[in-house]
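K.L.:
Sharing a structure with you now.
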Amino acid sequence: MMIYDAPGKCPICDGELHITKLQCKECSIEISGDFKMCKFCQLDEEMKFFIASFIKCRGNIKEVEKELGISYPTVRNRLDKAIEALGFNPDEEIDYDEVAQERQTILKRLSDGEITAEQATNLLNSLK
């Protein structure tokens, strides 16, 4: 049986696709529902190839230039497009100390019984 990569977008209208059935290859159990694709699955093949090359080169832009045979500005441009395609703002700077402090505050509130585990999970997931 041939296995294909799932398309990231609808081939007819370019809309977002949802997975409605999952099946285990081992026991054949099927799970039905409405499942979202991961952000990476929604990228086109060219973007996936670029990201794979970027990771392979450990984020070294000079190595990506050599690997793909493209210029530094082209690598930066594709990287910005990849960042945007994954739902991030390439120009936004993240204060990691502030995020770590926010996480600690949420965990403290959970520990003190001020919020439930579900609320803490939602708050943690909403952080950058």
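K.L.:
As a quick test, which of the pairs K25/K62; K36/K81; K25/K81; K25/K108 have an alpha carbon distance above 32 angstrom in this structure?
P.N.:
Values: K25/K62 41 Å; K36/K81 22 Å; K25/K81 35 Å; K25/K108 42 Å.
Cα-Cα > 32 Å for K25/K62; K25/K81; K25/K108; rest within.
K.L.:
Would you please calculate the Kirkwood hydrodynamic radius of region 45-85 over all C-alpha pairs and express it in Å, rounded to one decimal?
P.N.:
When all Cα pairs of region 45-85 are included, the Kirkwood radius is 9.8 Å.
K.L.:
Can you tell me the equivalent ellipsoid semi-axes for the chain? Use √(5λ) from the Cα gyration tensor, largest first, whole Å.
P.N.:
Values for the chain, descending: 32, 28, 14 Å.
K.L.:
Right, next: Using r as the Cβ-Cβ distance of L124 and E26, and R0 as 30 Å, what FRET efficiency do you calculate, to the nearest 0.05? Don't skip to the answer; put the middle values down first.
P.N.:
Numbers: r = 32 Å, r/R0 = 1.08.
E between L124 and E26, to the nearest 0.05, is 0.40.
K.L.:
I'd like the trypsin sites (Lys or Arg not before Pro) in region 35-68 restricted to DSSP loop residues with at most 14 other Cβ atoms within 10 Å, sorted by number.
P.N.:
On the way: sites: K36, K39, K48, K56, R58, K62, K66; in loops: K39, R58.
Answer by residue number: K39, R58.
K.L.:
List the longest stretch of the chain that has no exposed loop site; here a site is one of the GluC sites (Glu not before Pro) assigned by DSSP to anything other than H, G, I, E or B, with at most 10 other Cβ within 10 Å. Numbers along the way, then the final one.
P.N.:
Numbers: sites that count: E26, E92, E93.
Counting at most 10 other Cβ atoms within 10 Å as exposed, the longest clean stretch of the chain is 27-91.
K.L.:
Taking amide H atoms as placed 1.01 Å from N in the peptide plane, list the residues 5 or more away in sequence, or in a different chain, whose amide H sits under 5 Å from that of I115.
P.N.:
Under 5 Å from the amide H of I115 lie the amide H atoms of L110, each far enough along the sequence or on another chain.
K.L.:
Among C41, C57, C24, whose mean-square fluctuation peaks in a Gaussian network model of the chain (Cα, cutoff 10 Å)?
P.N.:
In the Gaussian network model the winner is C24.
K.L.:
Counting other C-beta atoms within 10 Å, and keeping those with at most 10, which DSSP coil trypsin sites (Lys or Arg not before Pro) do you find in region 80-123? Let's see the in-between values first.
P.N.:
Values: sites: K81, R103, K108, R109; in loops: none.
Those that pass, being in a loop and sparsely packed, number zero.
K.L.:
Put +1 on the Cβ of each Lys and Arg and -1 on the Cβ of each Asp and Glu in the chain; which of A117, S28, C38 then has its Cα farthest toward the positive end of the dipole?
P.N.:
Farthest towards the positive pole: S28.
K.L.:
Using θ = phi - 60° and the Karplus form 6.51 cos²θ - 1.76 cosθ + 1.60, what ³J(HN,Hα) does each residue of region 45-50 get, whole Hz, x for Gly and Pro?
P.N.:
3J(HN,Hα) across region 45-50, in whole Hz: 4, 4, 5, 4, 5, 4.
K.L.:
Also, I was wondering about something else. By its C-alpha gyration tensor, with a ≥ b ≥ c as the square roots of the eigenvalues, how is region 84-128 shaped: rounded for a/c under 1.5, else prolate for a/b larger than b/c, else oblate? Provide the component values of the computation, followed by the final result.
P.N.:
On the way: a/c = 5.92, a/b = 1.98, b/c = 3.00.
It comes out oblate by the Cα gyration axes.
No lab work stands behind these numbers, since they all come straight from the coordinates. All of these numbers come straight from a predicted model, not from anything done at the bench. A quick note on method: Cβ atoms are made from the backbone with ideal geometry, for glycine too, and the neighbour counts reach across all protein chains shown.
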